[in-house]
Structure formats: C-alpha cells, structure tokens
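Chemist: The structure follows.
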Amino acid sequence: MKLLNSSIALLLLSLATFSSVSEAKLAPTTFVGKSKARFPNEASLSEVLGEPEQKQSHAHPKSKSKSLSALSSLTRLAGGSAESVSPAFTYYMDIFWTGLTVVFMAVWLMSMQKFNNSSYENVKFPFFNKQVLIDGFCLAQEKSETLFGLGTLKLCGIVDLLLVTFSYFKYKDSFDVEGSNNKLIYFASAAYTLFHGSIHGFEVDQTGRLVSDENGLVMNIVGVVVLALITAITPIGIKGNFDQAGKPGGLATGIAVWLGLVAFYAIGIQEKVFALTFINVTIFLSIFGSRALVFDKDDEKRLDYYKGKTIMATILAATANIVVMCFEPLVCKNWFASVGGHIWFDVTLWMLMMSHMK
C-alpha cells in the first residue's frame, strides 16, 4: 500500500505540474536586431505566473505557489527576462544533458564489469544496483508491493497506454494547427511508447546476450542488425542537425557514431535486458550531443528545435527524463523502487515528447 499511495500521489502531482507549465503562453520573443513572433499568444509568462508587469505597482501576492515562483526565476535566468529563453541557455542545457548521458554510459559499462565479479555484492554507489543489472529496470522486488499485485513492468505497460490515450483526447483538436507537426509528433510518440510499453506489459523475455556462442552466427548477425535498425535515429538525427547548422559531414559523422554505439552495446553491455535503455541513450546523444557540437552558443536556430507552447516546458521535461534515467539504477534499492521505479522514466519520457506539441 505504501507503493500504491506514494506512486499515485507523485504521478498525479507530476502530470498536473507539467500540464500547467506546458499550457503557459509566452509573449512574442524579440531578439536584438530581429523581431520574431515565436509564440504569438495572448498572455506573457509573467501574467500566467501571476507576477506583476514592470509598470504595475502592486506587490506579488503572498498566496502564489512556490513552484510557480521557482519556474519564473528559472525562466528569467534562462533568457534574462520572463518573456524569452536565450539560445545560449539551450546550448548549456545541451551540454548538461549530453554530459549526464555520457557519464551514465561510463558508469553503466563499469557496473557491467563489476557484475561479473564475485565481490559485486559489496559494491555501492555510484555503481548500478545489482537488481537493475539483472532485470534491466528498477522494479519492485515483490509484485504484492505494487498496485493490484501486477508488478512494476505490467504497470509500466498500463501507464504507457493511459498516457497515449489521455493525450489523444487532450491534443486531437490541435492535430491540424497551422504551422505545426502536432499530428506527426503525437502518432510517432504514441507508436514508440506503445512499442516500449508492450515489451514491459507483456513481460517479454529479454534474458541472454545479444551476441554469444549459444545464439549461433546467424542469430548473432540478426540481433545486431535489428539493434542497428532500431537505433537508426542516430545517423538521421545527427545528419539533420548538421544540415540545419549548414555544416558538412553530417552523414559520415552520423554513421560513424551509429556504428560505434552499436559496437558499444554488442561488445560492452551485451545483455538484451538493456536494449530499451540503450535506444533512449542513442536518441539523447544523437539529438543533444550533436546539437551542442554543431550550433554556435548564440545561434538563434537553436530555438527552432523547441516547437511546443513554451521552451521551458521542453527544457524541464528533458531534464526530468535524463535525471530519472541516471538515478533509477543508482538509488533503486534505497527508495526509488518503493515509489514506482521505472514507471517514472516512462512518464517523464512521454512528457518530453508531448512538450513539443503546439
């Protein structure tokens, strides 16, 4: 019951908070030497947050929530005002997200090496919890500890289905908004989430190694090819960023990174239980990593990647998703499993994808 109460409360709180942030409307963004109505909506963020405009004399009401005040402060830090987010801020966030992902991969690889050592039981933070290395995700050890005794994986599948369904009714009227890719974003996100969730919900057997003598040569080749096809977003994303920045070499760089990541998994990680985690890692690196490298810090083209109602909603969602990914295997046994475990990664990933909806 502890897991039931805490997980439901946290889930509802996170969804409500994200919904309020993503619905906030920004005023037209003005840059020096160039006026660009990026978000031509009715109210400025300061009005949505309940803050007084500069010309108003009344004080900020004491009853305003601390969470909204914190968001306002973060927005001012990002853009120097409550009405814009600077390209430089997105540059530093790209570096932060990429850095966390690279560190995650390094700790992941070191933990896999430790796992083959008989002394692994004595290994503590910052290495992955042993349970995560066995199951691939942070799961409640006893199904009886979860809602209706379903277990964390089945609950992940159910939550993913609910998120896709709820969001359809929430966003369906905006699918045909002029100048948006809402329909494509939603259905692509839904397809990936349902694929991801079905593997969880049906508890698909992912035991064993991607490449091993037991598989045989043909199955080893098939396994590597399938992994390469699933992670094809890597060269596509990297080439897209190079093209957007007007720089050559995108295709060659994308293919090189793509093959390197597949080799990293097939030779270093090996275990099939980490396939879904690996797919997410490749997406983060191909998008955030290459963007940090090819775009100048103050390039306004950076803001073209933030297609949603607010830039800050996407930044907060991306940060939450990557932080959850990094901390899930480190604190699972300590407390994370007791509040839902891997469910939170799926929730924050969906928030990130939906933050691009206009």
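The values are calculated or read from the model by the stated rules, or taken from the named source; none is laboratory data. This is a predicted model, so every value here is computed, not measured. Every residue, glycine among them, receives a Cβ derived from its backbone with ideal geometry; neighbour counts consider all protein chains shown. Please note that ligands, DNA and RNA were not included when accessible areas were found on the heavy atoms of the full protein model with its side chains. Shrake-Rupley method; radii C 1.70, N 1.55, O 1.52, S 1.80 Å.
Chemist: For Cys138, which sequence-distant residues (separation of 5 or more, or a different chain) have an amide H within less than 5 Å of its own amide H, given hydrogens modelled in the peptide plane?
Modeler: Residues meeting the criterion, in which the H sits 1.01 Å from N, are His342.
Chemist: Hey, another quick one. Using the basic label-point model (7 angstrom from Cα toward the beta carbon), what is the Asn334 to Thr319 distance in nanometres?
Modeler: Distance between the two pseudo-spin positions: 2.0 nm.
Chemist: Considering only C-alpha atoms, what is the centroid distance from the range 97-131 to the range 170-234, in Å?
Modeler: Their Cα centres are 25 Å away from one another.
Chemist: Using a 1.4 angstrom probe, figure out how much accessible area the range 86-143 has per residue, in square angstrom, rounded to the nearest whole.
Modeler: On the way: 2970 Å² over 58 residues.
In whole numbers, the range 86-143 has 51 Å² accessible per residue.
Chemist: Suppose every K and R has +1 on its Cβ and every D and E has -1 on its Cβ; what is the size of the dipole of the range 173-222 about the Cα centre, in Debye to the nearest 20?
Modeler: On the way: 2 positive and 7 negative charges, 19 e Å.
Roughly 100 debye for the range 173-222.
Chemist: Using 7 Å Cα-to-Cβ label points, what is the Phe148/Gln270 separation (nm, one decimal)?
Modeler: Taking the two extended label points, one gets 3.9 nm.
Chemist: Something else about it: In nm, what is the difference between 0.36 nm times the number of residues separating Leu109 and Lys247 and their Cα-Cα distance?
Modeler: The span from Leu109 to Lys247 would gain 46.4 nm if fully extended.
Chemist: Accessible area of the range 133-273 with a 1.4 Å probe: how many percent of it is carbon plus sulfur?
Modeler: 67 percent
Chemist: If the chain between Leu293 and Leu184 were fully stretched, how many nm would it gain, using 0.36 nm times the residue separation less the Cα-Cα distance?
Modeler: The Leu293-Leu184 span can extend by a further 36.5 nm.
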